[in-house]
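The values are calculated or read from the model by the stated rules, or taken from the named source; none is laboratory data. Values in this document were obtained by computation on a predicted structure and should not be read as measured data. Cβ placement follows ideal geometry from the backbone for every residue including glycine, while neighbour counts extend to all protein chains displayed.
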Amino acid sequence: MALPIRYHWRNLLVRRTTSALTILVVTAVVGTLTWILGFFLALQSSLSVAGDAHKLLIIQRGTTSETNSAISPEEFNRLAQLAGVARDPESGEPLISPELYWQTQLPRLRDGGATRANVALRGVTLRAFEVHRNIRLLGERFSVGEPQVIVGRAAAAQFAGLAVGDVIRIGVGESREFRVVGHFDAGGGPMESEIWMYLPAMQSAYLRNGYSSVSVRLEDPASAPAAIEQVRSAPIELSAEREADYWRNQTSNVRFYQAVCFVLVAIMSLAAAFALANTMYASVAGRAREIAMLRTIGYRPHHILLGFVMESVLLSLIGGLLGCVACAAYLELVGSTKDMFGSSTFTTMAFDIRLTPLLVGWSLASVAVIGVIGALPPAWRAARTHVLTALREP
Amino acid sequence: MGAAGIVLRDVHKAYFKDRLEIPVLAGLNLEIAPGEFAALMGPSGSGKSTLLHLIGGLDTPTRGSVRVGDSQLESMSESALTAWRSRHVGFIFQMYHLVPVLTAAQNVELPLLLFRMASSERKRRVQTALSIVGLGDRTDHRPNQLSGGQEQRVAIARAIVTDPDVLLADEPTGDLDARTSEEILNLLNALNTEFGKTIVMVTHDPRAAGHAGRTLHLDKGVLDREEVNTRRAATASAS
Ligand SMILES: Nc1ncnc2c1ncn2[C@@H]1O[C@H](COP(=O)(O)OP(=O)(O)O)[C@@H](O)[C@H]1O
Ligand SMILES: [Mg+2]
């Protein structure tokens, strides 16, 4: 690369309007691309947090999610036979957590409470905190027997009225008042979008005596297939899945979004490449004599080629940086917490999109590739400029 | 680098347009001694630029041999010719062909960027070239901030900055008024007499040709006559 950067830089400055318009296109593409990448990275990390290999989730046979699963106390009692379950080191009790899952609607913070969305309620016993090891209390836990709830961090960030001390109305006809006594962290996993309370209190509020699901902690992840088989067969006859598999199925619609988004990104990238190619073609055409002069004084075709690729990459990187800034500004203004609905639960699942250095690096690398691709055809033409013909141009 | 001589033997050059052969040079012979300043005249379209391009390794003859210094150009590949041009020839064009976005100094620096060279050495050479052409104080100006004559001086500085053996000028004063032309011609003259550069200059203007030691006339594909300029020595010493 013989031609100095300032040569390329100034050539871009001279074509101010074209350069600015091209950068604008690239900015829009990279802004979107960065956000989409960030969205899927965040979703993935949220789901991977939920993938505790020691945990099995047990629901009613023939159902696909906790929402429509019902497990009777008799069925629950049969789970005591399950082999390979971890035990509490002190009491020796098996780590089996019966849970009741319900959805209610709460006003969203995002639009100042104008709309309401589903939020998941989970009734648990104290055993749950041993089964779900990634739960970390931020403040108090609900007291057994009191109408109290604790709220996942992501839920608190999504919905109004979930600050510590607030009171929410739940139960049949929203007749019961529960007080928020603390928040909790689930390492960014999906449970962070839930509200937890004492199981019997929730059963009584919703006039239920059974459960929705049972979470089990295994002694050894390797025994999962055997345990799943035992749960499926007589006499238990329920359905068990690894936690990671369960959540992956709950978000199977994500894969569709993902495909749509990637098609969108591909089309936008193509548009950016075309915009860059178009700009560079114009630039090459306007500089035929300059290219001929450079070739005359000893510049080789590859110098010329690299020069124009350089210019295009410079344009695309400026657009890329601005795109990342735009994405950061968007996350700052609109909020970095994104919610989406599970395919079968329709419960809000929230997670944080973060503009990490890795993500920015990926975006910039992608846009540089787009810059190279867009530049190659015009740069190739520039490299093959017929020197004598161009020198004769008036 | 010492000056180089130029020897062309039985050079033919034809272009093809719509499969029709257009002969431009037809068996041309030419000998220019090292350190000579030759003017090349002839009617428009007679092939003056074509001849200059052959000498400068920008084009290759259809037939015949072109030797510049120790290099036999007709047998060299395009890539070898490119490398040869960057070291041995300086081109000066009628329209200057400066890069508008670069300053005078940066324009002059362009040929040097092809070589491994410390940037301090580059700066020094650029400064030297610019002071030789009398533009030592205009180094930071862009071409559009310079007059035509100054632009041509920058172009000449760019041509000499690599210290080539041969300077090839294609109507270098074609776009300049009489007084400025005179200054540029005196500058070329000085490059020839003081720095020993071999110069071939295409021109329309007999007065311009008068600055050269010899004027060659190109017509119908050959050099049909030439005249030695006896007054040139006086002009050169007077400048
Ligand atoms: N690339 C080319 N293709 C076809 N014809 C050309 C080409 N270059 C030059 N010619 C022709 O060769 C002749 C000589 O051109 P040129 O050397 O530019 O003449 P001069 O410089 O003496 O005016 C002209 O008739 C011109 O049209
Ligand atoms: Mg000509």
Can you tell me which residue within segment A:356-370, out of those that are of a type in the set (A, V, I, L, M, F, W, C) and under 17 Å from A:Ala326 (Cβ atoms), is surrounded by the fewest Cβ atoms within 10 Å (Cβ to Cβ)?
A:Trp362
Report yes if some residue within segment B:190-207 is away from chain A (no Cβ under 13 Å), within 13 Å of the chain's Cα centre (by Cα), more than 16 Å from ligand 2 (Cβ to nearest atom) and closer than 23 Å to B:Lys123 by Cα; otherwise report no.
yes
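From A:Ile195, A:Ile150, grab the single residue that is closer than 24 Å to A:Glu241 by Cβ, out of contact with any Ser or Thr (no Cβ under 7 Å at 6 or more places or on another chain) and part of a strand (DSSP E or B).
On the way: A:Ile150 fails: closer than 24 Å to A:Glu241 by Cβ.
That would be A:Ile195, the only listed residue that is closer than 24 Å to A:Glu241 by Cβ, out of contact with any Ser or Thr (no Cβ under 7 Å at 6 or more places or on another chain) and part of a strand (DSSP E or B).
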Reported set for segment B:57-78 where residues are touching a residue at least 24 places away in the same chain (Cβ under 8 Å) and more than 8 Å from chain A (Cβ to nearest Cβ) is B:Gly57, B:Pro61, B:Thr62, B:Arg63, B:Gly64, B:Ser65, B:Val66, B:Arg67, B:Val68, B:Gly69, B:Asp70
I'd like to know if segment B:26-34 contains one or more residues that are within 16 Å of ligand 2 (Cβ to nearest atom) and out of contact with any strand residue (DSSP E or B) (no Cβ under 9 Å at 6 or more places or on another chain).
no
Qualifying residues in segment B:125-145 (those that are in a loop (DSSP other than H, G, I, E, B) and β-branched (Val, Ile, Thr)) - the one surrounded by the fewest Cβ atoms within 10 Å (Cβ to Cβ)
B:Thr139
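Kindly state which helices (runs of 4 or more DSSP H) lie completely within segment A:242-317 and contain at least 1 residues that are touching a strand residue (DSSP E or B) at 6+ places or on another chain (Cβ under 6 Å). Outline the logic, then answer.
Details: elements: A:243-250, A:252-286, A:288-296.
Of the helices (runs of 4 or more DSSP H) lying wholly inside segment A:242-317, those with at least 1 residues that are touching a strand residue (DSSP E or B) at 6+ places or on another chain (Cβ under 6 Å) span A:243-250, A:288-296.
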When you scan segment A:358-379, do you find a residue that is within 14 Å of chain B (Cβ to nearest Cβ), modelled with pLDDT of 95 or more, away from ligand 2 (no atom under 16 Å from the Cβ) and in a helix (DSSP H, G or I), even just one?
no
Which strands (runs of 3 or more DSSP E) sit wholly inside segment B:1-102 and have at least 3 residues that are away from ligand 1 (no atom under 16 Å from the Cβ) and under 25 Å from B:Ala209 (Cα atoms)?
B:6-17, B:20-32
Among (1) more than 16 Å from ligand 2 (Cβ to nearest atom); (2) more than 25 Å from B:Asn186 (Cα to Cα); (3) within 19 Å of the chain's Cα centre (by Cα), the one test that B:His12 misses
(3)
Take the residues of segment A:177-202 that are touching a strand residue (DSSP E or B) at 6+ places or on another chain (Cβ under 7 Å) and surrounded by fewer than 17 Cβ atoms within 10 Å (Cβ to Cβ): which is nearest to A:His132 (Cα to Cα)?
A:Asp185
If B:Val108 satisfies all but one of (1) in a helix (DSSP H, G or I); (2) touching a strand residue (DSSP E or B) at 6+ places or on another chain (Cβ under 7 Å); (3) more than 10 Å from chain A (Cβ to nearest Cβ); (4) crowded, with 20+ Cβ neighbours inside 10 Å, what's the number of the condition it fails?
(2)
If you check every pair at least six apart or on different chains, which have Cβ atoms under 7 Å apart with a residue in segment B:39-52 that is within 14 Å of another protein chain (Cβ to nearest Cβ) and over 16 Å from B:Ile6 (Cα atoms) first and a residue that is at pLDDT below 95 and more than 6 Å from ligand 1 (Cβ to nearest atom) second?
B:Gly47/B:Gly221
Among the residues of segment B:79-101, how many are more than 26 Å from B:Ser181 (Cβ to Cβ) and more than 9 Å from every other protein chain (Cβ to nearest Cβ)?
3
Say whether the condition of being surrounded by fewer than 14 Cβ atoms within 10 Å (Cβ to Cβ) and among the hydroxyl-bearing types (Ser, Thr, Tyr) is met by at least one residue in segment A:11-28.
yes
Determine whether B:Leu216 is closer than 17 Å to B:Leu52 by Cα and within 19 Å of the chain's Cα centre (by Cα).
yes
